[in-house]
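Inspection log for the structure reproduced underneath, given as structure tokens.
The values are calculated or read from the model by the stated rules, or taken from the named source; none is laboratory data. Worth saying up front: this structure is predicted, and the values here are computed from it rather than measured. A quick note on method: Cβ atoms are made from the backbone with ideal geometry, for glycine too, and the neighbour counts reach across all protein chains shown.
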Amino acid sequence: MLNQASGDRDILAKKLKISPYQLNYITNSNAGEGLLFFGNTIVPFIDKFPKDTMLYKLMTTKPEETK
């Protein structure tokens, strides 16, 4: 789960039992930051992937970065 609007965060926090600490990862977060869900486990992540690699160019979702 990536950045979420305030109202959506409130709903998701209640439904998915996301702690206030974990909500920080989907509040005004940057690209490559968010929460991963594995069953009942929630794992916060920050991934600062190097942009000067072929793998980044293959994985990016920003069309302007694929040229």
Taking the condition among the aromatic types (Phe, Trp, Tyr), out of contact with any Cys (no Cβ under 8 Å at 6 or more places or on another chain), exposed (fewer than 10 other Cβ atoms within 10 Å of the Cβ) and without any contact (Cβ under 8 Å) to a residue 24 or more places away in the chain, does PHE38 pass?
yes
Given the condition touching a strand residue (DSSP E or B) at 6+ places or on another chain (Cβ under 6 Å) and free of Cβ contacts under 8 Å to residues at least 12 places away in the same chain, answer yes or no: does some residue in region 43-52 qualify?
yes
Hey, among ASN3, ASN28, which residue is under 30 Å from LYS67 (Cβ atoms), modelled with pLDDT of 90 or more and either among the β-branched types (Val, Ile, Thr) or not in a strand (DSSP E or B) (or both)?
ASN28
Out of curiosity, is LYS51 among the basic types (Lys, Arg) and in a loop (DSSP other than H, G, I, E, B)?
yes
Matching option when the condition is part of a helix (DSSP H, G or I) and either modelled with pLDDT of 90 or more or loosely packed, with under 10 Cβ neighbours inside 10 Å (or both), among TYR56, TYR21
TYR21
